[in-house]
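These notes are about the structure you will find just below.
Just so you know, all these numbers are worked out from the coordinates, no wet-lab data involved. None of these values were measured; they are calculated from a predicted model. Reconstructed Cβ throughout: ideal geometry from the backbone, glycine too, with neighbour counts over all protein chains shown.
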Amino acid sequence: MASTKVTVALLGLGNVGRAFLRYVSSVESPVQAVVKAVADRSGGLLIDNQLDVEKLITAKQSGRTLSEIAGDDVISDLANFIQRLPSRGISFLVESLPTNIESGEPALSFIMKALAQGTHVVTVDKGPLAHGFQELLEAQKIGSSLLGYSGTTGVSIPDELANERVLEIRGVLNGTTNYILSEMQQSQTSFDDALARAQAEEIAEPDPSLDIQGWDTVVKTLILARTLMAAETRLADVSRIGIGPKTESLIAVARNSGRRVRLVGRARIWQGRVRVSVAPKIVDPGTPFYDVSGTSKAAVFRTERQGLVLATGRSGRDAISQTILDDIVRIASKV
């Protein structure tokens with residue numbers, strides 16, 4: 001059966017954007033995503049002819065901006081670039097700009113503009129969801145558009161949770177910190193050595209602070225809580241403890257009792273409000289997070305009627321590309 005075609009613009013041509021370009025050109029899917037526009041922070045480019053994916057990827061990998069690659073053809077004003085998408089028949093914007101955890105900008109404004117004009121958006125950028133969740137939902141209503149953000153939560157939300165009351169969320173949601181903790185426990189190495197290995201294998205960023213300080217887990221947990229528990233918790237309200245050399249003593253305690261340490265995000269109802277916290281926790285054998293090792297991720301949702309519902313997730317560029325494509329397929333099936 002032939003695939004349904006949808007036209008897509010990419011906003012962000014870093015590792016995620018380039019990986020998605022490669023992925024959609026090689027994978028079979030019920031929805032074929034045809035890239036007709038691309039943009040980075042230097043500007044956007046509308047594409048009339050067949051996209052030369054490999055040439056563009058090679059040029060971007062060399063460190064050049066889109067304005068340097070395409071010259072005068074680039075639309076330097078990204079708001080103007082987004083405004084032009086409907087007239088070119090482009091129905092989806094895939095956004096993967098670098099995350100700004102302090103304000104969510106400029107991506108938040110770009111996504112809101114796209115949604116309000118009727119362009120569907122799929123994002124892997126956690127900043128806009130952390131700072132403008134309700135505003136984005138309102139922009140959807142204005143434009144009769146849909147927002148997909150499965151790539152911002154570490155695991156996809158299970159279908160079983162539809163129309164279900166979620167009472168608590170617990171999750172190992174950051175692949176980088178889980179890899180570091182796994183290395184510390186399996187190889188009995190120090191935090192610094194485990195971090196260096198993660199960076200050498202390009203699992204950890206050169207600046208890993210958002211991961212090891214717990215911010216990435218904070219935002220993912222917060223987005224899940226806002227989606228499933230109507231949480232009004234702000235980023236500043238979250239209790240946060242990351243991992244570091246001090247975690248070595250906790251690992252020693254866990255090892256002596258046959259247990260393991262994981263960085264766990266938690267959202268629960270306490271005194272009538274949803275409270276969100278992140279901290280390293282000792283987990284017992286036989287519990288859901290005990291065997292979640294390496295860069296793997298998992299979340300447990302405690303519900304009113306079904307009890308515990310488990311979801312798992314993978315890290316890596318193909319995994320996030322498939323998550324983006326899954327969101328596109330989901331949205332395309334509803335419109």
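Where the Cα atoms of region 93-244 are projected onto their three principal axes, how long is each span, largest first, in whole Å?
53, 33, 27
Work out the charge dipole of the chain with +1 on the Cβ of Lys and Arg and -1 on the Cβ of Asp and Glu about the Cα centre, then indicate which of SER209, SER190, THR233 is farthest towards its positive end.
Of the options given, the answer is THR233.
Just to confirm a number: summing +1 for Lys and Arg and -1 for Asp and Glu over residues other than SER209 whose beta-carbon lies under 14 angstrom from that of SER209, what do you get?
Neighbourhood net charge equals -4.
For helix 191-200, report the angle its Cα long axis makes with the longest principal axis of the Cα atoms of the chain; keep it between 0 and 90° and round to the nearest 10°.
Helix 191-200 and the main axis of the chain meet at about 20 degrees.
Tell me, how many Å apart are the Cα centres for region 275-335 and for region 55-75?
Each part's Cα centre sits 35 Å from the other's.
Enter the mean projected area of the convex hull around the alpha-carbon atoms of the chain, in nm², rounded to one decimal.
Mean shadow area of the hull around the Cα atoms is 18.0 nm².
For region 159-313, give the magnitude of the charge dipole about the Cα centre (Cβ charges: +1 Lys/Arg, -1 Asp/Glu; no others), in debye to the nearest 20.
Rounded to the nearest 20 debye, it is 740 debye.
Roughly how many whole Å is it from the C-alpha centroid of region 120-198 to that of region 216-230?
8 Å
Would you mind working out the magnitude of the charge dipole of region 1-92 relative to its Cα centre, with +1 at each Lys and Arg C-beta and -1 at each Asp and Glu C-beta, to the nearest 20 Debye?
200 debye
Sticking with the crude label model, points 7 Å out along Cα→Cβ, report the distance from TRP270 to ALA200 in nm, one decimal please.
Rounded to a tenth, the inter-label distance reads 4.0 nm.
Tell me what the chain gives for mean residue ellipticity at 222 nm when only DSSP H runs of n ≥ 4 count, each as -39,500 (n - 2.57), the sum divided by the residue total, rounded to 500 deg cm²/dmol.
-11500 deg cm²/dmol, from helical runs alone.
Would you calculate the separation in nanometres between label points at GLU164 and ARG255, each defined as 7 Å from the Cα along the Cα-to-beta-carbon direction?
3.7 nm
Above 25 Å lies some portion of the pair distances; for region 159-313, what is it as a whole percent of all C-alpha pairs?
29 percent
Using 1/(1 + (r/R0)^6) with R0 = 41 angstrom and r between the beta carbons of GLU105 and ARG305, what's the FRET efficiency to the nearest 0.05?
Calculated value: 0.55.
May I ask for the net charge around ILE223, where only other residues with Cβ less than 12 Å from the Cβ of ILE223 are counted and Lys, Arg are +1 while Asp, Glu are -1?
Taking every other residue near ILE223 into account, the sum is +1.
Give, rounded to the nearest 20 debye, the magnitude of the charge dipole that region 4-152 has about its Cα centre when Lys and Arg contribute +1 at Cβ and Asp and Glu contribute -1 at Cβ.
Dipole magnitude for region 4-152 comes out near 280 debye.
Using 0.36 nm per residue of separation minus the Cα-Cα distance, give me the extension gain between ARG22 and GLN83 in nm, one decimal.
Taking ARG22 through GLN83 to full extension adds about 19.4 nm, to one decimal.
Which order, highest average first, do 101-108, 157-164 follow once you tally other Cβ atoms within 10 Å for each residue and take the mean per peptide?
Going from most to least packed, we get 101-108, 157-164.
Between THR189 and ASP48, with labels modelled 7 Å along Cα→Cβ, what's the label distance in nm to one decimal, could you check?
5.3 nm
Provide the gained length on full extension for the span ALA319 to LYS5, in nm with one decimal, where the gain is 0.36 nm per separating residue minus the Cα-Cα distance.
Extra length available between ALA319 and LYS5 comes to 110.9 nm.
Compute the long axis of helix 15-24 from its Cα atoms, compare it with the longest principal axis of the Cα atoms of the chain, and write down the angle in degrees, 0 to 90, nearest 10.
Helix 15-24 and the main axis of the chain meet at about 70 degrees.
Could you tally the net charge around THR295, taking each other residue with its Cβ under 15 Å from the Cβ of THR295, Lys/Arg +1 and Asp/Glu -1?
My count for the surroundings of THR295 gives -2.
Rounded, prolate or oblate: pick one for region 206-290, where a ≥ b ≥ c are the square roots of the eigenvalues of its C-alpha gyration tensor, a/c under 1.5 means rounded, and failing that, prolate if a/b is larger than b/c, else oblate.
It is oblate, given that a/c is not under 1.5 and a/b is not larger than b/c.
With the contact rule set at Cα under 8 Å and sequence spacing of 6 or more, what percent relative contact order holds for the chain?
Once divided by the residue count of the chain, the mean separation gives 18 percent.
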